[in-house]
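Colleague: Can you read through this structure? Questions will come right after.
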Amino acid sequence: MNSYISFTYKEEKEVSRVYNFSAGPAVLPEEVLKEAAEEMLDYRGCGMSVMEMSHRSKVFDEIIKTAEADLRSLLNVPDNYKVLFLQGGAHLQFAQIPMNLMKNKVADYIVTGQWAKKAYNEAKLYGTANKIASSEDKTFSYIPDCSDLPISPDADYVYICENNTIYGTKFKTLPNTKGKTLVSDVSSCFLSEPMDVTKYGLIYGGVQKNIGPAGVVIVIIREDLVTDDVLPGTPTIMKYKTQVDADSLYNTPPCYGIYICGKVFKWIQKMGGLDAMKQINEEKAAILYDYLDESEMFKGTVRKEDRSLMNVPFVTDSEELNAKFIAEAKAAGFENLKGHRSVGGMRASIYNAMPIEGVKALVEFMKKFETENK
Ligand SMILES: *Cc1c(COP(=O)(O)O)cnc(C)c1O
């Protein structure tokens, strides 16, 4: 490399970080951030940042291909599934899914929270969306029994939101779709545990919860669902086939975000893969749930068997105490514990990158708060 400029960049600088319980964008592995910082000005000797390079360059080609290969190996993605790195977040998928898959203009939705509801409402713009089950009667605090639902005979797919970020519930068994294609939003549980990709037609998730920076959405789609037979008027860029044919490079992809996702995949591999991730996540969640079950002050809000490993909502019996807790926790270095604006209370999101020490420290803090505010 012929460089025009070379200089010493690093100065010793102390960094302090909080325990960040944000639901998303959320905590990322410190190791990944440090590595990205080191590569910021000069990515592996190429004299540029990943933000500055062509998405058609050899260097970026290697980045995106490696990211895809690592994701495939983590999730055991079979060869007849395509992996796409797209933009527009989960919200664009709410539309892109019906545009591409609603051949009969009928789809069944299981509504277990705000995100599933939004997807359901969006699908109505494109055809008949049937709400075949819901848990709205009890503020989405449980997952309905989906073993024998009235699946529509002509449904193009059955849609679920697998982990409900706002309410803290998770499907522990997938619905019986009676042979119909299953479509799942896994934004907030992506790579938190192993999953059997073959059970789905399409899996997607915004990466800003558990994998990377906002701006990337990953779609894993079975080959036979990638066709030119889409709803009339579907924009070219919204056809999965367009992106599949171009290996996610039809237009400029979110290059830097994909690069960080790739680093997180490597980090998960180093942690031992998804089996290990699951084990750590169960251990972390148990620390918090066990305390919620024994506390006189704090209570979990979700039916026990449906509890999420990733998002843990809880309340006290007074709004004032909730507010006091959130304020004191923040002062003590526990950030973003406020529940979603639609439900209030508290929520601790304990994604892959939240260290177990963070959860232990939070529970110690809650115990102390409980004693002091009896
Ligand atoms: C955050 C979230 C969304 C919305 O994601 P955007 O990227 O903001 O569109 C959708 N579904 C789930 C499960 C989420 O957690």
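The values are calculated or read from the model by the stated rules, or taken from the named source; none is laboratory data. None of the values given here were measured: they were computed from a predicted structure. Here Cβ is always computed from backbone atoms with ideal geometry, including for glycine, and neighbour counts include all displayed protein chains. Side chains included, ligands, DNA and RNA excluded: accessible areas come from the protein's heavy atoms. Shrake-Rupley method; radii C 1.70, N 1.55, O 1.52, S 1.80 Å.
Colleague: Based on Cα positions only, what radius of gyration and what Dmax would you give for segment 58-269, in angstroms?
Modeller: Rg and Dmax of segment 58-269, Cα atoms, are 16.4, 53 Å.
Colleague: Let me ask something else about it. Over every pair of different alpha-carbon atoms in segment 122-199, take the mean of 1/r and invert it; report that Kirkwood radius in Å.
Modeller: 13.6 Å
Colleague: Count the DSSP beta bridges whose two residues both fall in the chain, then state the antiparallel fraction as a percent rounded to the nearest 5.
Modeller: 55 percent
Colleague: Same structure again: Which of the trypsin sites (Lys or Arg not before Pro) across segment 285-361 are loop residues per DSSP, with 13 or fewer other Cβ within 10 Å?
Modeller: Those that pass, being in a loop and sparsely packed, are Arg303, Arg341.
Colleague: Something else about it: Given H placed 1.01 Å from N in the peptide plane, which residues other than close sequence neighbours of Asn130 have an amide H under 5 Å from its amide H?
Modeller: Long-range HN contacts for Asn130: Ala107, Asp108, Tyr109.
Colleague: Okay, next question. Determine the share of the chain's accessible area contributed by carbon and sulfur atoms, expressed in whole percent, with a 1.4 angstrom probe.
Modeller: Ligands and nucleic acids excluded, carbon and sulfur give 50 percent.
Colleague: Quick query: amide H of Val312 versus all other amide H atoms, modeled in the peptide plane; which residues come in under 5 Å with a sequence gap of 5 or more or a different chain?
Modeller: Ala348, Ser349, Ile350
Colleague: What's the magnitude of the charge dipole for the chain around its Cα centre, counting Lys and Arg as +1 and Asp and Glu as -1 at the beta-carbon? Answer in Debye, nearest 20.
Modeller: My answer is approximately 540 debye.
Colleague: Same structure, new question: Using all C-alpha to C-alpha distances in segment 237-374, build P(r) with 10 Å bins and read off the rounded percent in each one.
Modeller: Pairs per bin, as whole percents: 10, 33, 25, 19, 10, 3, 0.
Colleague: Let me ask you something else. Cross-link list Lys58/Lys284; Lys103/Lys270; Lys124/Lys172; Lys284/Lys330; Lys180/Lys266; Lys82/Lys131: which exceed 32 angstrom alpha carbon to alpha carbon?
Modeller: As for pairs spanning more than 32 Å Cα to Cα, those are Lys58/Lys284; Lys103/Lys270; Lys180/Lys266.
Colleague: Tell me the Kirkwood hydrodynamic radius of the chain in angstroms, computed as one over the mean inverse distance between distinct C-alpha pairs.
Modeller: The Cα-based Kirkwood calculation yields 21.9 Å.
Colleague: Ignoring GluC sites (Glu not before Pro) that are buried or in helix or strand per DSSP, and keeping those with at most 11 other beta carbon atoms within 10 Å, what is the longest stretch of the chain between them?
Modeller: 15-295
Colleague: Mind pulling up the Rg/Rh value for segment 199-284? Radius of gyration and Kirkwood radius, both on Cα.
Modeller: 1.05
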